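Each reported figure results from applying straightforward, stated rules to the coordinates on display, with no laboratory input. Keep in mind it's a predicted model, so treat the numbers as computed, not measured. Cβ sites come from the backbone with ideal geometry, for glycine too, and all protein chains shown count toward neighbours.
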Amino acid sequence: MVSFAGLDDQVTVIQGAFSDQLHHLKGKTVDIYFIDHDKSLYVPDAEKIIASGTLQPGSLLIADNVLIPGAPEYLTFLEEHPQLKPVLHKVPLDLFTWVNDAISVATYTK
């Protein structure tokens with residue numbers, strides 16, 4: 001998708017567990033983190049991301065499927081964190097378009 005959009009020179013995609021990929025990010029800032037894995041790991045991984053020093057004001061922490069199957073602890077974490085301003089965007093569930101799921105987009109404010 002990045003290539004199709006012509007953004008290869010502006011976007012670097014790093015896939016894998018954050019803790020396994022952190023060495024690629026040392027000393028860099030990250031504009032967008034997209035989280036879509038085991039929902040029970042959303043909070044611990046968000047804490048690691050924030051502690052990593054890779055966020056700058058305006059960086060986004062985007063998480064998928066926060067309503068179904070759901071990540072209520074993560075949503076509470078976002079609401080209570082003083083440096084994150086979350087917004088939920090409701091989207092139809094993949095195969096069941098009559099059911100709403102949501103993507104959270106949290107902006108880091110420092």
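What chymotrypsin sites (Phe, Trp or Tyr not before Pro) in the range 1-67 are in a loop by DSSP, with at most 11 other Cβ atoms within 10 Å of the Cβ? Could you put the intermediate results ahead of the total?
Working: sites: Phe4, Phe18, Tyr33, Phe34, Tyr42; in loops: Phe4.
Those satisfying the criteria are Phe4.
With charges set only on the Cβ (+1 for Lys and Arg, -1 for Asp and Glu), what does the dipole of the range 15-62 come to about its Cα centre, in debye to the nearest 20? Mind dumping the intermediate values first?
Details: 4 positive and 6 negative charges, 35 e Å.
Result for the range 15-62 is approximately 160 debye, rounded to the nearest 20.
Determine the dipole magnitude for the range 18-108: charges of +1 sit on the beta-carbon of Lys and Arg, -1 on that of Asp and Glu, nothing else is charged, the reference point is the Cα centre, and the result goes in debye to the nearest 20.
On the way: 6 positive and 12 negative charges, 61 e Å.
It works out to roughly 300 debye.
Give, in nm to one decimal, the length gained when the segment between Thr12 and Val87 is fully stretched (0.36 nm per residue of separation minus the Cα-Cα distance). Present the calculation step by step, with values, prior to reporting the outcome.
Values: separation 75, 0.36 × 75 = 27.00 nm, distance 2.46 nm.
Working it through step by step, the gained length comes to 24.5 nm.
Which aspartates and glutamates, if any, have their Cα less than 18 Å from the Cα of Lys28, not counting same-chain residues under 8 positions apart?
Asp8, Asp9, Asp20, Asp45, Glu47
Rounded to the nearest 5, what % of the DSSP beta bridges within the chain are antiparallel ones? Mind showing how you got there, number by number?
Working: 13 of 17 bridges.
Rounded to the nearest five, the antiparallel share is 75 percent.
When Rg is the radius of gyration of the Cα atoms in the range 8-104 and Rh is its Kirkwood radius, what does Rg/Rh come to?
When Rh is taken as the Kirkwood radius, the ratio is 0.98.
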